[in-house]
Structures are given as structure tokens and as C-alpha cells.
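Data block below; observations after.
None of the figures in this text is laboratory data; all of them are computed from the coordinates on show. Keep in mind that what you see is a predicted model, and the values were worked out from it rather than measured. All Cβ positions, even for glycine, are placed from backbone atoms using ideal geometry, and neighbour counts span all protein chains on display.
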Amino acid sequence: MAALPISALHASHGGCWLREADTTRIVSKGEAVMAAADTPLLILNAPLVATRLGYPDLSGLDLLELFAFVHPARFVVPTPKGLAHALGLSEPAGDADVPALLQQAAGALLETCESADWPEREGAWTALQSLVRMRWPWATLLTGRIAKPQRAERWLFSRLPEWEESPDLPQPRQIFLDKDDVLRRLEDLTGTGAEQRPGQRAYASEATFAFEPRETSGHPRLLLAQAGTGIGKTLGYLAPASLWSGQAGGTVWVSTYTKALQRQLRHESRRAWPERRADGSQPVVVRKGRENYLCLLNLEDALQGGFAGRAAILAQLVARWAAYSRDGDMIGGDLPGWLGTLFRQRGITSLTDRRGECVYAGCPHYRKCFIERASRASAGADLVIANHALVMVNAARGRDVAARPTRIVFDEGHHVFDAADSTFAAALSGTETIELRRWVIGPEKTSRGRRRGLSARLADIVSYDEAGSKAIAAARAAAEAMPGDGWMQRIVEGAPWGPLEELLAAVRATVYARDESGGQEAGYGLETEAAGLDGAFIEIAQAAREALADLRQPLIRLGVRLEALLEDPPDWLDGPGRARLEGARHSLSWRIDTLAGWEALLERLGGPADPEYVDWLAVDRSEAREFDIGIHRRWLDPMKPFAKVVLEPAHGVIMTSATLRDGEDWGKAVARSGAGHIGVMPHLTAQDSPFDYATQAEVLIVTDVPRGDIPALAAAYARLIEASGGGALGLFTAIRRLRAVHGRIADRLARAGLPLYAQHVDPIDTGTLVDIFRDDPAASLLGTDALRDGVDVPGHSLRLVVMEQVPWPRPSILHRARRLAGGGSAYDDSLIRARLAQAFGRLIRSREDHGHFVVLSSAFPSRLLTAFPAGTPIRRISLEEALHRVAGHASGESKHEGEAARPLF
């Protein structure tokens, strides 16, 4: 295997290394930038290298781009070590060895293109011809290595299989599961000779409760199941679920909150179901919202000129991936998470259907559509793996009957409340209204892509149906009153146009007038209650409400006309056209409901407060830039609508989590399940973790790091990471402090051979950051809430968790209202204990794991200590003592030297 003899550059927080003419030397950032500007160099992850160099215009021969072309839909951790493992090369011993590895990796990838058994050869030559015209840096090197095929290639659209129609399935049979059969099924899933877990067996037995026939309409069999880490709850509920689906002929939906658990579930489900049935159908299907999947029509438009410059190269690489993808999932699927960030723009999201513009059967790729294939496959599946938001949205909109299951398992059940809070919220904002305007009218500026308005999507209605044509014309005229391009600048300059922009200007003025932060919240969002508003504000709000009603009415008329056409179709309406109108009717229904919600929100302004809702005005800001203005409404208890639209139609529901209840108290869990809103008393069960926390973990509360002292905080993080030799997960409650700490310690740690990565700093998506962290035991990762319970890193790679402070709830208007209704400080304490328990749960993921959980808090309240598992040693100590204990564990010393720790509760 010959290395590619092109100069290579590597940059980390520890320095920069340049390899030229078989010699590697350390160089300054300035010299590295000059070399990169002079000629294309081999690099790995250009945006990350650019960040390290402080040179945003960096470009070159990025190995990740080449890997995405040569091996589409294949996993690789985007680090030198990860690239070496993916290509079967020796991993570099240190930073100085990385440039030579880049040369070897480039040579290996280019040799693959010349190999006769290259599995992803098909389509490569065709894609390369387009990439040559786009002057992709790798194109010249690939041209002589990829031979022109003797016959025209089946590429992408001709390669993708078509889905087939299938008959509706009968209702599931009403059966009773035998618990002995469930336990035998569990043994089959865990495998012969596997460790017997009493907690898992008890959990599986209890889970059968949700799969028995319900006794009363509207009253599901609801099970709340606490399952400590290590119980094996996934197989615990898959055992009765797989038995029920096989015997009853029904579909079980498992709903998660994080993409990581979805991937884990897909893997675990293979124990219970084959990848394919004998007839080729899928017994297990992963479902996500439409916005997660590649839209083939958007991709076609991008390939035909809709994208320009670097974005056009991205489109070609996505097309390579689409031809080999398992399911077309662009967000958390087999598309590399790092691919979009390589191009430093929002190209990935523009290739999905985020604006509701799907033309359904009117699309030339309809029969190959990834979204339609997943939807149809889920109707006949035994198991559907979805997420909380999709389950709730489909139930609320009622579009997809197959997406309204009778048996649901809500894994990560402690997040159901938060998911319902987002799903059933209303927000009348500039961003939302301008999106609605574009959906009706189309883009205001010339667009290379297919972004079109309502009349273009329903061109046949305009041409052949007078009533429909008039409704569309009226909707277009009314949509002109919505905010248009440049709305924010006009408002800031005091020149709003139209009733909605005038409303948003009034919201902004009111928020700033009432702001009492004294500038302390500079750069962050501001909000104020939607109460005590003056008469002028109310008049502006009512004018905006009338403008919204003027838009809603023609949309209603159009929806009625579509229904009439579907009931009594004209001669020109064929099958595909009918399916397209059906889709348009449902999309209209969604927009009409949104408008009705906005009108109701405005109508109540100035009147008596509705005790079921919390309303407020907000100006959203990032750093020092305003990016949205709006009026917001949330349910005080979002589980009320959840219970009505999700629980009530279901027959059996399991809500399960390792942190479902607060200590031994089930009260909060029952209240947050929504059961009380439909008169159901859930069945309760709890299985404690089998882990020996007394010997595997230790909680250290460091009492001498002053709160608000950034230098002291940064020093504490650096010394703790050094003491543990990496393997640290640092959790922050504020992005500002995260960035400040990272900026102070990253170079210092890198010089010690301890790489440090961070959310909101490194140009890498969160999923990829976790992959990098998992792959390197010396690496550490800093993050915020998304990492508190979205990380599953068992083993030595995660041996230290550090929280910068007690995770107090943000004192927002919404939180204040719920705190008042939920019992004041007791409500806060329950939230904090849940967050601490979730964060602690990252530390011990298997019986072999050991580690420390550190909280930097000088006055950690004792009442919160019940968040940690019983028996876990807890110490209030100085930073020096904490460093000694962490370093002692890292060097193999027993963490139980000396006097045993006494629990402080």
C-alpha cells in the first residue's frame, strides 16, 4: 500500500505538524496557514482544523470527503485513530505521526477505487464526472483510478427499490400472555448461558400487564416501570412485546427520546426478529419525522443546479450515500453526522422536507421515497422504533392511522413530559409566520431549487377547478399580510410593515420596556408575562388576529374543495393525483389548526388569564444577535392533551426509565404520566440496579471552588481531567461558562496528551462528538443538557463526570408558573434530583465500570443527596482531596483506602 506523496497537515490544541518530502516537523500556526494557502494539503476534518488554526477559509484535500465518496453509508470516527481503524492501518502514536497516517490513508482509499472488489463502485464513475466539473479537489486524483464502466451505471434513482402497496391488516387478536412463556422468551433473547438477572426477569413479568386486553374504552393498561441502570429493561420489554406481536398479529411501538437509544434498540431487536422476513418485508422499522429523511425530489433539484459551489459537492456525496443507505435517514441514521459540518452550511437540512412542500404522488420519485417506504413498512411491522415527538404529533394530527398504535412503550419515560410540552405548545413568532407566508406564496427571491407556493403545488386545481382556484388566490392575497424577508431589520429600525410585523414590533418594545435584568442577561433571550398589556397593544393584537383569520378562511374553503374533489373525482384526477390531493388536504388541516391556535392566543390577550395555560412575550437572542420575536403559549400541564390524544386511544402503555420516580416517591411520576386526566390508576413496579455502587462509584462534592470564579472553575476542570488521565464528561448549565472553561484549558490538556472536545465550540455534531469521546479513553468532552442523559459510554472511556454546579432550573416565566402550581421549592428539588440522577447514570453502565461523580458546589443542599443510588459513598471534600482520590483510582489504588465514606443523608 503506497502512501500518497502529497504534503499533509495536522493541527490540534497541542500544536501543528506539517509533513513535506517524507519529513514531519512542528510548525507555528502562521506557517501552517501559509502552507495551506499556498497549495492543497492533506487534512482531516477541515472545519475542525480551521478552528484550531483560527483560519476559517481553510481548504484542502479532506480525507473525510474522500472517505464519504469511497465508502458511503459506512461508519468512521472522524479522528486519526478512527480513520486508521476503519482502513486497517496502524493508529498513530501521537500528533507527530498523524500527517504520515493521512498520506497512508489517502493511498489506501485511492487504491480501493482501483480494486475489482470495491463494494461501492456502482455510481462512482458517474458521480465523479460531475465532481470533475465542480473542481472538487479530489477529482483529479480519482480520475485516473476509476475506470469508465462498460455499460451505463444504475445510479441512485434507478438503483433504489420501489415500495409496494399492501392490504390493510386485521385488528390484533385479544390474547393473554403466560408469564412463564414470557420468561422463556427472555431466556431466548439473552442467550444460552447468559447471566441470570432477577431484576430483569421481574421486570419482564410485570411488563406483560400492558399487553393484556383493556377492560374499559379510553382506559389503557398503563404501567410505570422504574428500572435501574443495568437491569436490562430493553430486552425486558421486548420479551413480552415480541410474544404479543407474534401471537396477536399487532404492532408494538417503542418510543425513545434520544437517537442513541434508537440505534441501541435497532441492534437489540435483532435478537427477537430477523432483518427480513421470508417475503422480504421488515419486521422491525425505525420511524422518524419527515424532516429526518432525504427528500429525493429536493436532491434531484440540487443535483440539477439547485446547489452551487461547495453545496453542489455536498449534493453529489449525499447522492452517493443515498444509493447505499439503509433507510435514507439523514439525522442520526447512517449518513455520517460529520458530513454536513464539512461544508459549513445548512445543506443537509435543505435536502429534507422541513416546509411541508411534499407533492406526494405527484413526485416522480414517489414510489422510491424513503419516507413513504418507512410509513408503509411500519403498518405491517411487528416493532416500530420511533421517538416521543413523532408518536405525539401523529396522534394529534391523526393523519397516519398506522402511526396510532394500540401498544406503546415509552422508553426514556422521564422525557415524555418535556416532549409533550413541546408538541402541544403554540408560538406565534416571526420565524413561524414567515415560514407560513412562504408555504402559501413561495419564495420572495429567485430560487434555484423547487421551493414553490401553494398554487404551484396544486396547479391542476388552479387550472381545472374554479372554486379551488379562487380559494388559492384569496389565500395568496391574505398571506401578503404575513412578515416577509427583512422583517427583523424593519422592526429594529422602527418601520414594521403589515399587521403581523406591527404586532411583533409591539412585543419587542414591551419586552424591552419591562426587562429588569439590568443588562445582566446581555446576549440571551428576554421575556415578560403576557399580562397587564395596554389598550394600544390589544388593538394591534386584534388587527393581527383578523389578518390571520383572513388567511385561515380561504384555506378552509380550499380544504373543503379538495374533499369534494376526492369524494366525487373529475375525469382528469388519476390515482397519483388523488394521493397528492389527499396529502395536500392533510397539510392544509395542519396549517389551519396552527392559524386557529394563533387566533385563540391573540383573542385571549387582555382578557382574564386561563389557568390551564402560561402565556408570555419573548425576544430570542443568541450572543448579541436577535433572531426571533414572538408570543408563546404552553399548557401548565402538557400531560392533559397528551392523555387525551395519546393515552386514551391506546390499549396498553409502558412508561419506563431509570429515573422515573423521585427516590421512593411515586407521586411525581404518576402525576407526570397524565393518568389522572383520564381517570386511570397506573400499575407501578420498580427494580433496583444490580450494580454495586458502594464499590464502583463515589460522589465527591468539592466545597472550595468559588461559584462564579471562571479561572478557579477552569483550573478545577483541568486538574481533575489530568488526575483521571482523561475519560471525563464535563456538564455545564450555561454555554457561556462552557466556552470560557474550554478556552482556558484545551491547549494545556492537549500538551499532556489529553484531547478535549466541546459542544458549542467544536464544529462537530453532538452524536459525532460522543463517538469520538467513546473511541478514545484519553479524550474528554464538555457539554450541556444534551449530554446529561443522551450518552451511553460504558467502560474505561468514561470514568469521571464533573458538574460545574447544582443544575438549578432556569427561572423562566413558564418554570415559575409550574413551580407555583407544583409545590414551590419541593417542585424544584424534584427536578434537580432527577437531573443529578440522570447525570450520575452516565458514569456506571456495566458491572466493570468504576468512576467518580464530582459536583463543584460549595453549598450543595443535603436534601438533594437522595438523587444518588443508595449505598453510593458521598464525600464533601476540598479540591486537593478530590484530586488525590481521582488520581488514586486512575493509578489503580483502591478508592476505599482509609475510613469508609459515610452517606450524608
Report summary line: Amide H neighbours of TYR613 at under 5 Å, excluding residues fewer than 5 places away on the same chain, with H built from the backbone geometry, are LEU636
Query raised in the report: When we measure straight from the Cα of LYS233, which lysines land under 19 angstrom away, once same-chain ones fewer than 8 places off are left out?
Result: LYS179, LYS259
Query - Paired Rg and Dmax values of segment 743-788, which use every Cα atom, in angstrom - result: 10.3, 28
Requested in this report: Would you mind checking which residues have amide H under 5 Å from PHE410's amide H? H placed 1.01 Å from N; only 5 or more apart, or other chain.
Outcome: SER255, ILE654, MET655, THR656
Query raised in the report: Excluding same-chain residues fewer than 8 positions from LYS470, which lysines have a Cα within less than 25 Å of its Cα?
Result: LYS445
Query raised in the report: Once amide H atoms are placed 1.01 Å from N in the peptide plane, what residues at a sequence separation of 5 or more from ARG661, or on another chain, have their amide H within under 5 Å of its amide H?
Result: none
Report task. Counting other beta carbons within 10 Å of each Cβ, put TRP136, TRP635, TRP808, TRP497 in order, fewest first. Result -> TRP808, TRP497, TRP635, TRP136
Query - Alpha carbon Rg of segment 693-890, scaled by the compact-globule rule 2.2 N^0.38 Å - result: 0.98
**Report entry** Burial ranking of peptide ranges 189-197, 682-690 (average Cβ count within 10 Å, highest at the top)
**Finding:** 682-690, 189-197
Report task. At most 11 other Cβ atoms within 10 Å and a DSSP loop assignment: could you name the GluC sites (Glu not before Pro) in segment 657-749 that fit? Result -> GLU664
**Report entry** Nearest-20 debye value, the chain charge dipole, Cβ charges on Lys, Arg, Asp, Glu
**Finding:** 640 debye
Query raised in the report: Percent relative contact order of segment 589-697, based on C-alpha pairs within less than 8 angstrom and at least six residues apart?
Result: 17 percent
Requested in this report: Return the sequence-ordered ³J(HN,Hα) values of segment 751-764 in whole Hz as given by the Karplus equation 6.51 cos²θ - 1.76 cosθ + 1.60 applied to θ = phi - 60°, using x for Gly and Pro.
Outcome: 5, 8, x, 10, x, 10, 10, 8, 4, 6, 10, 6, x, 9
Report summary line: Residue span GLN174 to LEU820: 0.36 nm per residue of separation minus Cα-Cα distance leaves a gain in nm of 228.1 nm
Query raised in the report: Tell me, what HN-Hα J-couplings in whole Hz come from the Karplus equation 6.51 cos²θ - 1.76 cosθ + 1.60 at θ = phi - 60° for each residue of segment 145-155, using x for Gly and Pro?
Result: 10, 10, 6, 5, x, 5, 10, 4, 6, 7, 10
Query raised in the report: In the chain, what percentage of the DSSP-assigned beta bridges are antiparallel, given to the nearest 5?
Result: 35 percent
Query raised in the report: Roughly how big is segment 134-227's charge dipole about its Cα centre, with Cβ charges of +1 (Lys, Arg) and -1 (Asp, Glu), in debye to the nearest 20?
Result: 840 debye
Report summary line: Farthest towards the positive end of the dipole of segment 26-171, among LEU41, GLY88, GLN171 and with Cβ unit charges of +1 on Lys and Arg and -1 on Asp and Glu, lies the Cα of LEU41
Report task. Only Cα pairs under 8 Å and at least 6 apart count here; give the relative contact order of the chain as a rounded whole percent. Result -> 14 percent
Report task. Calculate one ³J(HN,Hα) per residue across segment 99-107 by plugging θ = phi - 60° into the Karplus curve 6.51 cos²θ - 1.76 cosθ + 1.60, and present them in order as whole Hz with x for glycine and proline. Result -> x, 5, 4, 4, 5, 5, 5, 4, x
Report task. Evaluate the distance, in nm, between pseudo-label points positioned 7 Å from the Cα of ALA2 and of ARG355 along their respective Cα→Cβ axes. Result -> 4.9 nm
Query - Taking segment 693-890 and dividing mean pair separation by its residue count, relative contact order in percent (alpha carbons under 8 Å, at least six apart) - result: 37 percent
Report task. May I ask you to compute the full-extension gain from ARG159 to ALA549, defined as 0.36 nm times their residue separation minus their alpha-carbon distance, rounded to one decimal in nm? Result -> 135.7 nm
Report task. First measure r as the distance between the Cβ atoms of TRP808 and GLU466, then evaluate 1/(1 + (r/R0)^6) with R0 = 41 Å and state the FRET efficiency to the nearest 0.05. Result -> 0.10
Requested in this report: Please quote Rg/Rh for the chain to two decimal places, taking the Kirkwood radius as Rh and restricting both calculations to Cα atoms.
Outcome: 0.95
Query raised in the report: Which ordering of ASP771, ASP22, ASP829 is given by a fewest-first count of other beta-carbon atoms within 10 Å?
Result: ASP22, ASP829, ASP771
Requested in this report: Taking the Cβ of each residue in ILE385, ILE441 as the centre, tally the other Cβ atoms inside 10 Å and list the residues starting with the fewest.
Outcome: ILE441, ILE385
Query raised in the report: What lysines sit close enough to LYS640 to cross-link, taking a C-alpha to C-alpha distance under 21 Å and skipping anything fewer than 8 places away on the same chain?
Result: LYS668
Query raised in the report: What does the helix-only formula give at 222 nm for the chain: each DSSP H stretch with n ≥ 4 adding -39500 (n - 2.57), the total divided by the residues, and the result rounded to the nearest 500 deg cm²/dmol?
Result: -13000 deg cm²/dmol
Query raised in the report: What is the distance in Å between the Cα centres of segment 811-852 and segment 658-733?
Result: 6 Å
